[in-house]
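Comments concern the structure below.
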Amino acid sequence: MTNATKHLEPRWPALIALLGVGGLRLALPESLTIGPGWLLLVLVGVLLVPIIWARRSGLDDLNRILGYVVTSIVTLDMIWSLGLLVTALPSHKQTPQSMLFSAAALWITNVLVFASWYWRLDAGGPRARELRGVHTDGAFLFPQMTLNRQTKQEMGEECWSPNFVDYLFLAFNTSTAFSPTDSPVLSRWAKLLMMVQSLISFTTVALLAARAVNIL
């Protein structure tokens, strides 16, 4: 049995994250969304069908392209909603409770969206990491990558490779501490993405949520 077979990464956490983004959009008022609230959830659900089919059929290139498409859609939708929320702030069109709820939904969406991007882009993507078997090089220096061979063998991590939860933890830290806490960033594209994520998180937490609390 090869390393890629032994450490075949489950894809369902990433799929659930995308569906979660669509579900969180239902929590936003329609004034902050493009079209009805259910539109994104339906669109993501429809796109996940060919993604799952391509994955099971071994069509890796198609699976990767469709993954980029659906992740780009949820990213643009999140940024659009955030822009609408920011522009609505001076006019007081949203109640304080609605602003807090919307800011919280967008903050969680921000974590899920960027976790999806890190998962899809790091070291060539999930399929490339599976085929490689052992993760030794990528955009992020995970703690397991710094262990020597003997320590890895003792811990049973000699064939360790990151999965979606590792990138979710990284994205969560970036949105809370505005920086990675356990995994240094090595790649320029990853640094740029983390800057964007931190900026979105700062906007929702410091600007929107703080303003809503002050006028309660």
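The values are calculated or read from the model by the stated rules, or taken from the named source; none is laboratory data. Nothing here was measured: the structure is a model prediction, and the numbers come from that model. We place every Cβ from the backbone using ideal geometry, glycine too, and count neighbours over all the protein chains shown.
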Open item on the list: One residue is enough: does the stretch 115-128 have a residue meeting the conditions assigned to a helix (DSSP H, G or I), in contact with a Phe, Trp or Tyr (Cβ under 7 Å, 6 or more places away or on another chain), small (Gly, Ala, Ser) and modelled with pLDDT of 80 or more?
Closed with: yes
- [ ] Pairs only if they're at least six apart or on different chains, beta carbon under 8 angstrom, first in the stretch 81-107 and within 22 Å of Leu18 (Cα to Cα), second modelled with pLDDT of 85 or more and acidic (Asp, Glu); list them, first residue then second.
- [x] none
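For the condition at pLDDT 90 or above and closer than 24 Å to Trp107 by Cα, what is the one hit in Phe178, Phe164?
On the way: Phe178 fails: at pLDDT 90 or above.
Among Phe178, Phe164, only Phe164 is at pLDDT 90 or above and closer than 24 Å to Trp107 by Cα.
Among Ser72, Ser81, Ser102, Ser57, which is surrounded by fewer than 20 Cβ atoms within 10 Å (Cβ to Cβ), of a type in the set (Gly, Ala, Ser) and more than 15 Å from the chain's Cα centre (by Cα)?
Details: Ser72 fails: more than 15 Å from the chain's Cα centre (by Cα); Ser81 fails: surrounded by fewer than 20 Cβ atoms within 10 Å (Cβ to Cβ); Ser102 fails: surrounded by fewer than 20 Cβ atoms within 10 Å (Cβ to Cβ).
Of the residues listed, the single one that is surrounded by fewer than 20 Cβ atoms within 10 Å (Cβ to Cβ), of a type in the set (Gly, Ala, Ser) and more than 15 Å from the chain's Cα centre (by Cα) is Ser57.
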Task: Residues within the stretch 62-111 that are polar (S, T, N, Q) and closer than 13 Å to Ser31 by Cβ, tallied - done: 7
- [ ] Just name the residue that is farthest from the chain's Cα centre (by Cα) out of those in the stretch 18-42 that are more than 22 Å from Gly67 (Cα to Cα) and in contact (Cβ under 8 Å) with a residue 60 or more places away in the chain.
- [x] Ser31
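Which of the residues spanning the stretch 90-144 are of a type in the set (D, E, K, R), in contact with a Gly (Cβ under 9 Å, 6 or more places away or on another chain) and more than 19 Å from Thr181 (Cβ to Cβ)?
If we filter the stretch 90-144 for residues that are of a type in the set (D, E, K, R), which is where we start, we get 93, 120, 122, 127, 129-130, 132, 137.
Still in the list and also in contact with a Gly (Cβ under 9 Å, 6 or more places away or on another chain): 120, 122, 129, 132.
Scanning the stretch 90-144 gives Arg120, Arg129, Arg132.
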